[in-house]
Amino acid sequence: MSLEQKVADGIKKAMLARDEKTLRSLRAIKSEILKEKTSPGHADSISEANEVKMLQRLIKQRRDSIEIYEQQNRDDLATHEKEEVEVIESFLPKQMSEDEVRKVISELIESLGASSMADMGKVMGAATKQLAGKAESRTIASAVKEILASK
């Protein structure tokens, strides 16, 4: 079942249950799907990899908003964003823990033969491809920096 179909089914269920939090989040996902499908150069369907990227982008936007709202003492708005993050994350594959990410990156650094911070671009490129949808870019970058700095 495609993401679009899952979201449509979820919207129906949320409307029947009068679940505002879930409904608000699912409508945001649906809106993003429609934008993606109607943008120039895209086909009628979205690949699974692009769906994951889109969901991660939505989560990143909300996390950035949470930071701003908390700095401005707007806990009411931050709570709405946190609720949306929870719902959006439910459509993503299970995220890897930081320890798991570090292990994968250590193995990747060994296989690439990277030995200094000068190799960070090469490692990041390979790591983001390998861990796409399984870990956030921020987590990957911090692990790569940490491991390369210790070499």
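Quick rundown of the values:
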{"item": "L23 vs. criteria farther than 15 Å from E136 by Cβ, without any contact (Cβ under 8 Å) to a residue 40 or more places away in the chain, part of a helix (DSSP H, G or I) and of a type in the set (A, V, I, L, M, F, W, C)", "result": "yes"}
{"item": "From the options L112, L131, residue that is of a type outside the set (V, I, T) and within 24 Å of F91 (Cα to Cα)", "result": "L131"}
{"item": "Subset tally (residues that are surrounded by 14 or more Cβ atoms within 10 Å (Cβ to Cβ) and in contact with a Leu (Cβ under 9 Å, 6 or more places away or on another chain)) for segment 110-121", "result": "3"}
{"item": "Residue match in segment 67-76 (condition: touching a residue at least 12 places away in the same chain (Cβ under 8 Å) and farther than 30 Å from I147 by Cβ)", "result": "yes"}
{"item": "Any hit, segment 106-114, residues being more than 27 Å from K21 (Cα to Cα), out of contact with any strand residue (DSSP E or B) (no Cβ under 6 Å at 6 or more places or on another chain), assigned to a loop (DSSP other than H, G, I, E, B) and modelled with pLDDT under 85", "result": "yes"}
{"item": "Criterion (out of contact with any Pro (no Cβ under 7 Å at 6 or more places or on another chain) and surrounded by 13 or more Cβ atoms within 10 Å (Cβ to Cβ)) met by exactly one of K82, K94", "result": "K82"}
{"item": "Criterion (in a helix (DSSP H, G or I) and under 15 Å from the mean Cα position of the chain (by Cα)) met by exactly one of E51, E70, E36", "result": "E51"}
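The values are calculated or read from the model by the stated rules, or taken from the named source; none is laboratory data. Remember, it's a predicted structure, so these values are computed and weren't measured experimentally. We place every Cβ from the backbone using ideal geometry, glycine too, and count neighbours over all the protein chains shown.
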